[in-house]
Amino acid sequence: MTRHALLLATLALVMLGLFAASLLIGPAGLGVGESLAALFRGEGRAETLVMREIRLPRAGLAVFVGAALGLSGAALQGYLRNPLAEPGLIGVTGAAGLGAVVAIQTGLSAALALALPGMALIAAVLAVLLLLGLAGPRGGAFTLILAGIAISAFTSALTALVLNLSPNPFAATEMMFWLMGSLADRSMTHLALAAPFVVLGAAMLIPLGRGLDALTLGEDAAEALGIGLSRLRLMLVLGVAASVGAATAVTGAVGFVGLVVPHLLRPLTGAQPSRLLVASGLGGAAMVLMADIAVRLIAPERDLKLGVLTALVGAPFFLHLIWRTRREGV
Amino acid sequence: MGEGEGRPPRPGRRCGWRAAAGLVAALASAQPAAPAGAPGRVVSINLCTDQLAMMLAAPGQLVSVSSMARDPRMSAMVAEAAEHHVNHGGAEAVFRLDPDLVLAGRHTTRATVRLLRRLGVPVEEFAPARDFDDVRANIARVGAALGREGAAEALVAEFDARLAALRAEAGRAPEAALYYANSFTAGAESLAGHILAAAGLSNIAPQGGVLPLERLIMRAPELVVRGARYPGGSRAEEVLAHPALRALLAGRPAAPLADADWVCGTPHLLRAVGRLRDARETLE
């Protein structure tokens, strides 16, 4: 337990450090003292706007989005007992993006701000239900990935269709954002829309730890231990949909975070899914913060997409996982 | 599809009473469809050549303009375009219009232009205007292509006179920024940059490209000319209504939007210059 507490404390510290770094890095080139004075004491009108209205929501969103993806990945992997489960790969992110695009293009989100995360959430719920229906509750690696590919392809085709039919001249280039994700120029409005849903989702997912631990023994054993499997499943679906849906609605699809982070942390938490949940949430936040800092350092004027970096790290990792899975004959 | 779609009748062919009525009207006004030796059936498939052609063509000479010419968000001549048949720029549909000359943009419709030339249709391509000299040159070229050199010369002279009147007095040049979707800005060597300069404003981002919102806020120019927003919404345009930008602009006189008058190098851009000058005067 102390070792686990130490791990969580370390991850939280790393996350806080990256959060601070994220606040201090940006194209405006403010000094550290200047930045902090503007952030905390509101010194300098333009500096205060930059710190409070541009950088703070950006760093805050990175934390919430990363936490949502890391936590959801860990929960899905625990429930499906499958190391390949990840919100992006199994189509939840794509569906949430579709919901968000529909909300924006129909003007619903302009009329009612909550329609943006709301539609994304509904689409994400449908995708998770469809996935669980197709792959079955045990979710064998093969059927899970196939179902996920089908859902991803379908939702990205529908997203492209909606954008193609849009009267907006910028709609065609929006695909890039929805496929790759970006935190550039997001505002407090977006943070306020996404954060409550991410917190709600986390509140549903974190208590599932005990049930996920019991599930590692098999479904019968879990039921014998008094775990209500249908309730567990419902909470998982809603928790993943709420957190990933809201995160995707404002930042687009950031891939591979939910896959890589639980895997990196699993050796440090032992084989217990319950311990992995919070750790993955913190780790996911750190990874997205890191990626977003890298985006600004590598090409500050190019609006490099966040998903480009996470995929550059994540895809080789994914291939390695498949290789190992095949060797072990899972 | 609006009215005026479908194939416009070719004068002199029997195409029912509407063509006959058109012919009667043409005879009644006793105006030739086109000067001798000039193309009688001109089709434009580019928003900017649409507008120049509508200003310069002889009555009946311009057979069809692009559908964009009817979009009030991009075209400064929507009312005039409503009087014309519109095409959607497809080579097949344009060929069916039986044109003697097609006016096209240089960068946007390469495949269509290649195909039309293979089919033996003469095509004149026009590069988008990047400064006022290009505007004058494009007016003159469209005039020459249509055999309407006199009308073109008159239009250039009117353009220069109005521009000179707008430029009249030089004074303080307040800082201004052009800000479009995806944080793009237009540099000094773009048409929008020249419009800004003609109105006596100084562009804070003369190199153009991406202007990160943070830099715009730090620089705090006196005037921010934002791109007009389009229906359907997009993530790209959200930056134009970012709370930080709204806070920066709060309490200032509203700047004009970069609308249809900014899109093409035609004399209509002088209306944009005029509005900018008015906005500049409220800053003094």
- Message: Looking at the structure I just gave you, is residue B:149 of a type in the set (Asp, Glu) and surrounded by fewer than 21 Cβ atoms within 10 Å (Cβ to Cβ)?
- Response: yes
- Message: Quick check on region B:124-146: of everything there that is small (Gly, Ala, Ser), surrounded by 16 or more Cβ atoms within 10 Å (Cβ to Cβ) and closer than 21 Å to residue B:190 by Cβ, which residue is nearest to the chain's Cα centre (by Cα)?
- Response: B:129
- Query: With respect to the numbered conditions (1) facing chain B (nearest Cβ under 9 Å); (2) at pLDDT 85 or above, which one is the sole condition not fulfilled by residue A:191?
  - Reply: (1)
- Item | Condition met for residue B:4 (modelled with pLDDT under 80, more than 18 Å from the chain's Cα centre (by Cα), outside the structural domain of residue B:158 (by TED's automatic domain parsing) and surrounded by 14 or more Cβ atoms within 10 Å (Cβ to Cβ)) | yes
- Could you please give the count of residues in region A:208-228 that are without any contact (Cβ under 8 Å) to a residue 12 or more places away in the chain and either assigned to a helix (DSSP H, G or I) or within 14 Å of another protein chain (Cβ to nearest Cβ) (or both)? 5
- Item | Odd one out for residue A:86 among (1) of a type in the set (Asp, Glu); (2) closer than 18 Å to residue A:277 by Cα; (3) surrounded by fewer than 24 Cβ atoms within 10 Å (Cβ to Cβ) | (3)
- Item | Top-ranked residue of region B:210-221 - restricted to ones that are under 20 Å from residue B:189 (Cβ atoms) and part of a loop (DSSP other than H, G, I, E, B), ranked as nearest to the chain's Cα centre (by Cα) | B:211
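Just checking, does region A:120-134 include any residue being under 21 Å from residue A:244 (Cα atoms), touching a residue at least 12 places away in the same chain (Cβ under 8 Å), within 14 Å of chain B (Cβ to nearest Cβ) and among the hydrophobic types (A, V, I, L, M, F, W, C)?
Checked region A:120-134: at least one residue is under 21 Å from residue A:244 (Cα atoms), touching a residue at least 12 places away in the same chain (Cβ under 8 Å), within 14 Å of chain B (Cβ to nearest Cβ) and among the hydrophobic types (A, V, I, L, M, F, W, C).
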- Task: Output the residues belonging to region A:297-324 that are among the small types (Gly, Ala, Ser) and surrounded by fewer than 16 Cβ atoms within 10 Å (Cβ to Cβ).
- Result: A:299, A:315
- Query: Based on what the data block shows, is residue B:169 surrounded by fewer than 22 Cβ atoms within 10 Å (Cβ to Cβ), charged (D, E, K, R), at pLDDT below 95 and in contact with a Pro (Cβ under 9 Å, 6 or more places away or on another chain)?
  - Reply: no
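Surrounded by fewer than 19 Cβ atoms within 10 Å (Cβ to Cβ), in contact (Cβ under 8 Å) with a residue 40 or more places away in the chain and either within 14 Å of chain B (Cβ to nearest Cβ) or under 23 Å from residue A:314 (Cβ atoms) (or both): does that describe residue A:21?
Considered against the rule, which asks whether it is surrounded by fewer than 19 Cβ atoms within 10 Å (Cβ to Cβ), in contact (Cβ under 8 Å) with a residue 40 or more places away in the chain and either within 14 Å of chain B (Cβ to nearest Cβ) or under 23 Å from residue A:314 (Cβ atoms) (or both), residue A:21 comes out as yes.
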- Query: Just wondering, is there one or more residues in region A:164-180 that are away from every other protein chain (no Cβ under 14 Å), surrounded by 22 or more Cβ atoms within 10 Å (Cβ to Cβ) and modelled with pLDDT under 90?
  - Reply: no
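Answer yes or no: is there a residue in region A:135-145 that is away from every other protein chain (no Cβ under 14 Å), among the hydrophobic types (A, V, I, L, M, F, W, C) and free of Cβ contacts under 8 Å to residues at least 60 places away in the same chain.
Within region A:135-145, one or more residues are away from every other protein chain (no Cβ under 14 Å), among the hydrophobic types (A, V, I, L, M, F, W, C) and free of Cβ contacts under 8 Å to residues at least 60 places away in the same chain.
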- Count of residues meeting criterion [of a type in the set (A, V, I, L, M) and more than 13 Å from every other protein chain (Cβ to nearest Cβ)] in region B:225-257: 4
- If we take region B:78-141, then strands (runs of 3 or more DSSP E) inside it with 2 or more residues that are of a type outside the set (Asp, Glu) and either in contact with a Pro (Cβ under 9 Å, 6 or more places away or on another chain) or over 12 Å from residue B:45 (Cβ atoms) (or both) are B:101-105
- Failed item, numbered, when residue A:167 is tested on (1) touching a residue at least 12 places away in the same chain (Cβ under 8 Å); (2) more than 22 Å from residue A:254 (Cβ to Cβ): (1)
- Query: Restricting region B:180-209 to residues that are surrounded by fewer than 20 Cβ atoms within 10 Å (Cβ to Cβ) and assigned to a strand (DSSP E or B), which is farthest from the other protein chains (Cβ to nearest Cβ)?
  - Reply: B:202
- Sole miss for residue B:212 among (1) surrounded by fewer than 17 Cβ atoms within 10 Å (Cβ to Cβ); (2) at the interface with another protein chain (Cβ under 9 Å from one of its Cβ atoms); (3) in contact (Cβ under 8 Å) with a residue 12 or more places away in the chain is condition (1)
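The values are calculated or read from the model by the stated rules, or taken from the named source; none is laboratory data. Model, not experiment: these values are computed from the prediction. Backbone-built Cβ (ideal geometry, glycine too); neighbour counts: all protein chains shown.
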